[in-house]
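Here's the structure we're looking at; comments come further down.
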Amino acid sequence: EDKVVQSPLSLVVHEGDTVTLNCSYEVTNFRSLLWYKQEKKAPTFLFMLTSSGIEKKSGRLSSILDKKELFSILNITATQTGDSAIYLCAPARDSGGSNYKLTFGKGTLLTVNP
Amino acid sequence: NAGVTQTPKFRILKIGQSMTLQCAQDMNHNYMYWYRQDPGMGLKLIYYSVGAGITDKGEVPNGYNVSRSTTEDFPLRLELAAPSQTSVYFCASSQGRRGQPQHFGDGTRLSIL
């Protein structure tokens, strides 16, 4: 059975702090790992990581994957109140053809206080 | 851009009632998915479809049915609602090409009383 463990489960910081969110996984036929941000409604896509050691960046957010140690981290620098959300990690398992199935972690609830 | 549209946004059902959650996407995506999200838990895959006329079970299919008669629509049917089906339901779609992520609708919050 595929497993995804995110840590911490919740985190409270002040604006301007830097945070690191962790995701470890055990997934058969691993293809890639996705990070989503979920505010009040739909999860919105942040990153897809397929190769180890290659950092992906988008503004103040960055993420990296280690396929040997089976984990990924999501960094947010200079946090803002708008970063408050649940961050979901989802490794993708190859299901044949072009299809893939996501297994979601429970998420990290990040609260950024002014 | 409409993306993935889910209706209704909220619904309260009585035990034993049935209903259909609607999902439509306008991105011409072949792949569509239904998930449920319970408080403090990640999303669990209920059913998915790789194209019109093709559906398959996910991790938690019991109590649900789906159909995919067109590329755009992927409704989820609850036949005999049970309290355990109280959850937030998300529909998602993707192109199915490597490197393309799943895009989610805003969800349907369903309560079974």
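Side notes on the structure shown:
- Residues along segment B:1-44 losing 50 Å² or more of accessible surface when the other protein chains are present rather than the chain by itself (probe 1.4 Å): B:L43
- Segment A:K41-A:K68, length gained on full extension (0.36 nm per residue, minus Cα span): 6.4 nm
- For segment B:1-84, GluC sites (Glu not before Pro) are listed when DSSP marks them as loop and at most 16 other Cβ atoms sit within 10 Å of their Cβ; the list is B:E59, B:E79.
- Radius, Kirkwood style, for the protein assembly as shown when every pair of distinct Cα atoms is counted (Å): 18.1 Å
- Treating r as the C-beta distance of A:T18 and B:T20 and R0 as 35 Å, the FRET efficiency rounds to 0.15.
- Trypsin sites (Lys or Arg not before Pro) within segment B:2-56, DSSP loop, no more than 11 other Cβ atoms inside 10 Å: B:K9, B:K14
- Among the trypsin sites (Lys or Arg not before Pro) found in segment A:1-47, those both in a DSSP coil and sparsely packed, with 12 or fewer other Cβ atoms within 10 Å of their Cβ, are A:K40.
- Equivalent ellipsoid of segment B:22-100: semi-axes from √(5λ) of the C-alpha gyration tensor, largest first, are 22, 14, 10 Å.
- With a cut-off of 19 Å on the backbone N, the residues of segment A:72-114 near the modelled label site 7 Å out from A:S7 along Cα-Cβ are A:72-76, A:87-91, A:104-111.
- Fully extending the segment from A:T111 to A:T81 would add 10.0 nm, taking 0.36 nm per residue of separation and subtracting the current Cα-Cα distance.
- Solvent-accessible area lost on pairing B with A (1.4 Å probe, both sides summed) amounts to about 1800 Å².
- Accessible area per residue for chain A is 48 Å², calculated with a 1.4 Å probe on protein heavy atoms, without ligands, DNA or RNA.
- Of A:K106/B:K9; A:K68/B:K9; A:K41/B:K14, pairs whose Cα-Cα distance is over 30 Å: A:K68/B:K9
- Expressed as a whole percent, the accessible surface of chain B that belongs to carbon and sulfur atoms is 49, based on a 1.4 Å probe.
- Kirkwood-Stokes translational diffusion coefficient of chain A, alpha-carbon pairs, 10 °C, 1.306 mPa s, µm²/s: 112 µm²/s
The values are calculated or read from the model by the stated rules, or taken from the named source; none is laboratory data. Just so it is clear, the model here is predicted, and its values are computed rather than measured. Ideal geometry is used to build each Cβ from the backbone, glycine not excepted, and the neighbour counts take in all protein chains shown. In case anyone asks, the SASA skips ligands and DNA or RNA and just uses the protein heavy atoms, side chains included. Shrake-Rupley method; radii C 1.70, N 1.55, O 1.52, S 1.80 Å.
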